[in-house]
């Protein structure tokens, strides 16, 4: 009986030691595809939750309201851990340039809305539509980039990835 108990204790100790080794190993980091596409899907899905949040100049949270760059900064930071500047022109210097014909959901789209290049930013959703925090008195909403107003003011696009 004593031998059986000793063997059982040894087996438990060995199993526990191997369990600790397995638990101590960090999980594998997400693949490039998981980060790039899974992350972008999360940004897009989350962005739609903020439709209707009021515009607030300098705002960068759903509680205070958003301005355009604060909206983008908040979503990319909270969803992907990607810290972007709180300024549309500075955000435009991040990532890689994307041609309008090559836009993919999650790309950042820039517009000249204040007689200055890259003065406004939104997130491309696909099918010519983007989400943004427009201006004082308005709320976060989805708009059509092919409308006369936005198509005339389009400055370019960037693809940022974690």
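The values are calculated or read from the model by the stated rules, or taken from the named source; none is laboratory data. This structure is a prediction, so every number in the text was calculated from the model and none was measured. Quick reminder, even Gly has a Cβ in these numbers, built from the backbone with ideal geometry, and neighbours come from all protein chains shown.
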Over segment 60-75, the set of residues surrounded by fewer than 20 Cβ atoms within 10 Å (Cβ to Cβ) and assigned to a loop (DSSP other than H, G, I, E, B) is 62, 63, 64
Answer residue from segment 120-155, given it is more than 18 Å from residue 73 (Cα to Cα) and in contact (Cβ under 8 Å) with a residue 24 or more places away in the chain and is surrounded by the most Cβ atoms within 10 Å (Cβ to Cβ) among those: 145
Looking at segment 39-48, is at least one residue crowded, with 16+ Cβ neighbours inside 10 Å and at pLDDT below 95? yes
Evaluation of residue 51 against (1) surrounded by 13 or more Cβ atoms within 10 Å (Cβ to Cβ); (2) more than 15 Å from the chain's Cα centre (by Cα) (one fails), failing number: (1)
